[in-house]
Amino acid sequence: MEEMFLRRAFALACQGVAEGGGPFGAVVARAGIILGEGRNNVVPGQDPTQHAEVVAIRAACKTLGDF
C-alpha cells in the first residue's frame, strides 16, 4: 500500500517539474485512501506557501471538510 502512495507522489513530482515547479510531490492518505495530493507550485504560482505537502494537506482538509 505504501508503495502505491510513494509512486503517486513521485508521479506528482514529475508533473510538477514538467510544469516548471520543483521536483516534489506529496499525498495524504488514511485507511488506504488518498485524501489529498499536491505538487510543488512555489515558482509557477509565485506563492511561497505552495509546497507539495502544504498543498496536499489543504486538499485533504477540503476532502474531509475539516482541518
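The values are calculated or read from the model by the stated rules, or taken from the named source; none is laboratory data. Everything numeric here is computed off the predicted structure, so don't read it as measured data. Because the Cβ atoms are built from the backbone with ideal geometry, glycine has one as well, and the counts that use them run over all protein chains shown. Side chains are part of the model used for accessible areas, which takes the heavy atoms of the whole protein and leaves out ligands, DNA and RNA. Shrake-Rupley method; radii C 1.70, N 1.55, O 1.52, S 1.80 Å.
Some points to look at:
- Filter result (within 20 Å of Glu2 (Cβ to Cβ) and either modelled with pLDDT under 95 or open to solvent by less than 40 Å² (accessible area, probe 1.4 Å) (or both)) within region 45-67: Ala52, Ala56, Ala59, Ala60
Yes/no matrix, rows are residues, columns are (1) modelled with pLDDT of 90 or more; (2) open to solvent by 70 Å² or more (accessible area, probe 1.4 Å); (3) assigned to a helix (DSSP H, G or I); (4) not aliphatic (A, V, I, L, M):
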{"residue": "Phe10", "(1), (2), (3), (4)": "yes, yes, yes, yes"}
{"residue": "Ala13", "(1), (2), (3), (4)": "yes, no, yes, no"}
{"residue": "Gly21", "(1), (2), (3), (4)": "no, no, no, yes"}
{"residue": "Ala29", "(1), (2), (3), (4)": "yes, no, no, no"}
{"residue": "Gly36", "(1), (2), (3), (4)": "yes, no, no, yes"}
{"residue": "Val43", "(1), (2), (3), (4)": "no, yes, yes, no"}
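Here is a yes/no grid of residues against (1) within 18 Å of Thr63 (Cα to Cα); (2) over 11 Å from the mean Cα position of the chain (by Cα):
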position: Glu2; (1), (2): no, yes
position: Ala13; (1), (2): no, no
position: Gly36; (1), (2): yes, no
position: Asn41; (1), (2): no, no
position: Gly45; (1), (2): no, yes
position: Pro48; (1), (2): no, yes
position: Glu53; (1), (2): yes, no
